[in-house]
Amino acid sequence: MDRDNYHSRIPEPALRRLPWYLSYIKLLKKQGYGKVSSTQIAQKINVSATQIAKDLSYVNVSGKTRVGYDIDELTAVLEDFLGFKRMHSAVLFGVGSLGAALLSDSGLEQYGLKIYAGFDVDPAIVGQKINKIPVFHSDDFALKNKKLNAQIGILTVPPDIAQEVADFMIAGGIEAIWNFTPFRIRVPEHIVLQNTSLYAHLAVMFNRLVKDDE
């Protein structure tokens, strides 16, 4: 079965767990291990061995009874399956504190995401470079993206303009949006949307803290 067919049938919760497994087996590799079992992974990650084995069944890799998975093979397969081996081009809209931090994060390239440009309307920011990444005026996006050909747009603008900027990015050729704003933007069906709301995660954490203190 080809990679696209695998992706079409893997449940999103399983897809979200795969990077956890990848991170742990990379740690084991550094510690000198060559093999790993689903039970061994389960001992360090709050996921049952049965669930781990099921999740890995969606990936084109197989373990051996009482031996487990070859760590090198499993690492390579997971990195390829998750898209970390291929570099995906991106641009970022909204070079505020969060946007600037993402531009400064060189570690994203290790996971297959390279940000080629930032866009903003603040004259104090436009024309600057952050981590060698240029910041252009938002009005120049359509023209710049003809050369950059970015697939992914990272959205870190104020929430009151999130939908407007998302529409603007899509019109300029963006095929997927990584939305860091708390606003739930709407996109056409052919556009991939990933919401990562820091505020929502904070709300969950704060709520659980309060319940634990009661």
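Determine the pairs where a residue that is hydroxyl-bearing (Ser, Thr, Tyr), located within region 114-142, has a partner that is crowded, with 18+ Cβ neighbours inside 10 Å and assigned to a strand (DSSP E or B) with Cβ atoms under 6 Å apart, the partner being 6 or more residues away or on another chain.
Correct list of pairs: SER138/PHE119.
Go over the candidates SER37, SER48 one by one and state the one that is polar (S, T, N, Q) and surrounded by 13 or more Cβ atoms within 10 Å (Cβ to Cβ). Please lay out each step first, then the result.
Values: SER48 fails: surrounded by 13 or more Cβ atoms within 10 Å (Cβ to Cβ).
Among SER37, SER48, only SER37 is polar (S, T, N, Q) and surrounded by 13 or more Cβ atoms within 10 Å (Cβ to Cβ).
Looking at ILE177, ILE161, ILE191 in this structure, which one is crowded, with 18+ Cβ neighbours inside 10 Å and at pLDDT 95 or above? Reasoning before the result, please.
Working: ILE161 fails: crowded, with 18+ Cβ neighbours inside 10 Å; ILE191 fails: crowded, with 18+ Cβ neighbours inside 10 Å.
On inspection, the qualifying residue turns out to be ILE177.
Please enumerate the residues belonging to region 155-214 that are touching a residue at least 24 places away in the same chain (Cβ under 8 Å) and hydroxyl-bearing (Ser, Thr, Tyr).
Within region 155-214, THR156, THR181 qualify.
Condition check: under 20 Å from ALA100 (Cβ atoms) and in the same structural domain as ALA100 (by TED's automatic domain parsing). Does ALA162 satisfy that?
So ALA162 passes the test.
For every residue, the table says whether it meets (1) in a helix (DSSP H, G or I); (2) without any contact (Cβ under 8 Å) to a residue 12 or more places away in the chain; (3) in contact with a Leu (Cβ under 6 Å, 6 or more places away or on another chain).
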position	(1), (2), (3)
ILE52	yes, no, no
LEU74	yes, no, no
LEU78	yes, no, yes
PHE81	yes, no, no
PHE84	no, no, no
GLY99	yes, no, yes
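Of the residues TYR21, TYR69, TYR33, which single one is within 28 Å of TRP178 (Cβ to Cβ) and not hydrophobic (A, V, I, L, M, F, W, C)?
Numbers: TYR69 fails: within 28 Å of TRP178 (Cβ to Cβ); TYR33 fails: within 28 Å of TRP178 (Cβ to Cβ).
Being within 28 Å of TRP178 (Cβ to Cβ) and not hydrophobic (A, V, I, L, M, F, W, C) holds for just one of TYR21, TYR69, TYR33, which is TYR21.
Mind checking which residues of region 130-142 are in a helix (DSSP H, G or I) and either out of contact with any strand residue (DSSP E or B) (no Cβ under 9 Å at 6 or more places or on another chain) or charged (D, E, K, R) (or both)? Break it down stepwise before answering.
First pass over region 130-142, keeping only residues in a helix (DSSP H, G or I): 138-142.
Selection gives ASP139, ASP140, ALA142.
Considering LYS144, LYS114, which residue is closer than 30 Å to ILE10 by Cα, surrounded by 13 or more Cβ atoms within 10 Å (Cβ to Cβ) and basic (Lys, Arg)? It would help to see each step written out before you state the result.
Details: LYS144 fails: closer than 30 Å to ILE10 by Cα.
Testing whether each residue is closer than 30 Å to ILE10 by Cα, surrounded by 13 or more Cβ atoms within 10 Å (Cβ to Cβ) and basic (Lys, Arg) leaves just LYS114.
GLY127 passes all but one of (1) in a helix (DSSP H, G or I); (2) over 29 Å from LEU27 (Cα atoms); (3) of a type outside the set (Lys, Arg); which number fails?
Unmet condition: (1).
Can you tell which of LEU15, LEU92 is under 30 Å from LEU155 (Cα atoms) and part of a strand (DSSP E or B)? Full working, then the answer.
Details: LEU15 fails: part of a strand (DSSP E or B).
Answer to the selection: LEU92.
The values are calculated or read from the model by the stated rules, or taken from the named source; none is laboratory data. All figures in this text were calculated on a predicted structure; none of them were measured in a lab. All Cβ positions, even for glycine, are placed from backbone atoms using ideal geometry, and neighbour counts span all protein chains on display.
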